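Participant: Okay, handing you the structure first.
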Amino acid sequence: MSEDRYAFAEELTAFYDHAWQTINRGLADRKAASRFLTLSTIDEQGVPRSRMVVIRDTDKADGSLLIYTDARAGKISEIAAVPSVAALIWEPRWSLQIRFIGEASVVLGDELDALRSKLSERALRDYTTELPPATMIDDPKLVESQADRVHFSAIRLRLKSIELLCLAPQGHRRARYERDDNWLGQWLVP
C-alpha cells in the first residue's frame, strides 16, 4: 500500500489505533458513519437479530462500547438470556470494516442513574412511549408518550475481539485483535 491515505493499515498498532480513532470520531461528529453500530443478538428462538444503534461512549483501555436503549426493547431480554453479541461498523471514508465480538451487559444502579442525569429532556422523551418498542400499532401518528415514565437503559459491550478489514485499492489488509492477547494483533488473509 503506497498511497498515504491508507498508511494506517501498514502496521498492526497503527491499524488498531486508527480503528479506535474512527470509532471515537462518531462520538464527536453526528454525521460520521462510525457513530452507528450494527448490533446483533440472539432471540429466544435462536434467531439472530440485528439493529442499528448509536455509540454513546467508548473506553479503549477497557475495550468497551456503550449504547443507550429503551429498557423494554427486545435486545435487553436477548442479552439477559445470551450475552454474546456481534457488532459491525462500516466507515466508507477509509473503506474500513470494523467487526466486534463481545459480551453485553445491562448497566444498572448508580451508573445508569448517572448516565440518565446527563441526558436532556428532549433525549429522555425518546424513552417515554406508552407502548414498548416494536409493538404493532395502526397509526404511527398516534404513538403516545408518558412524560412521567422514562424507560431509559444502557448496554455495555465488553469486547473480546476486534477484526479490521481495509479495502484499499492497492491491496486489502485484515487483522484481528484479541483481549486475551492484550490487543497485540495478528495479520489475516483479507
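Participant: Using a Gaussian network model of the chain with C-alpha springs under 10 Å, which one of GLN21, GLN146, GLN45 is most mobile by mean-square fluctuation?
Facilitator: Of the options given, GLN45 has the highest mean-square fluctuation.
Participant: How much length is gained if the chain between LEU131 and HIS172 is pulled fully straight, taking 0.36 nm per residue apart and subtracting their Cα-Cα distance, in nm to one decimal?
Facilitator: 10.1 nm
Participant: Also: For SER105 and LEU142, FRET efficiency with R0 = 30 Å and r from the beta-carbon atoms, rounded to 0.05? Provide the component values of the computation, followed by the final result.
Facilitator: Details: r = 35 Å, r/R0 = 1.16.
The calculated FRET efficiency here is 0.30.
Participant: To continue, here is another question. For the charge dipole of the chain, defined by +1 on Lys and Arg C-beta atoms and -1 on Asp and Glu C-beta atoms about the Cα centroid, which residue among HIS151, PHE100, ALA175 has the Cα displaced farthest towards the positive pole?
Facilitator: ALA175
Participant: If r is the Cβ-Cβ distance from TRP187 to ARG149 and R0 is 45 Å, what FRET efficiency results, to the nearest 0.05?
Facilitator: Working: r = 51 Å, r/R0 = 1.13.
It comes to 0.35.
Participant: Treating only the Cβ atoms of Lys and Arg (+1) and Asp and Glu (-1) as charged, compute the dipole magnitude of the chain about its Cα centre; round to the nearest 20 debye.
Facilitator: 380
Participant: With θ set to phi - 60° and the Karplus curve 6.51 cos²θ - 1.76 cosθ + 1.60, what are the ³J(HN,Hα) couplings of segment 114-120 in order, to the nearest whole Hz, using x for Gly and Pro?
Facilitator: With coefficients 6.51, -1.76 and 1.60, one gets 5, 5, 4, 5, 7, 7, 6 Hz.
Participant: Further question on the same structure: With θ taken as phi - 60° and the coefficients 6.51, -1.76 and 1.60, list the Karplus ³J(HN,Hα) couplings across segment 142-159 in order, rounded to whole Hz; mark glycine and proline as x.
Facilitator: In residue order, the calculated couplings are 9, 5, 10, 10, 10, 4, 7, 10, 9, 9, 6, 8, 9, 10, 9, 9, 9, 6 Hz.
Participant: Counting other beta carbons within 10 Å of each residue's own, what order do LEU27, LEU164 fall into, fewest first?
Facilitator: Going from least to most buried by this count: LEU27, LEU164.
Participant: Tell me the Rg and the Dmax, in Å, that the Cα atoms of segment 1-104 produce.
Facilitator: Rg then Dmax for segment 1-104, in Å: 15.1, 50.
Participant: Further, regarding this structure: Using the beta-carbon distance between ALA28 and LEU88 and R0 = 30 Å, what value does 1/(1 + (r/R0)^6) give for FRET efficiency, to the nearest 0.05?
Facilitator: 0.90
Participant: Let me ask something else about it. So what is the relative contact order of the chain, in percent, for Cα pairs below 8 Å that sit 6 or more residues apart?
Facilitator: This gives 23 percent for the chain.
Participant: How big is the convex hull of the Cα atoms of the chain, per residue, in Å³?
Facilitator: Roughly 147 Å³ of hull volume per residue.
No lab work stands behind these numbers, since they all come straight from the coordinates. What you are looking at is a predicted structure, and each value in this text was computed from that prediction instead of being measured. Don't worry about glycine lacking a Cβ; one is built from the backbone with ideal geometry, like all the others, and counts go over all protein chains shown.
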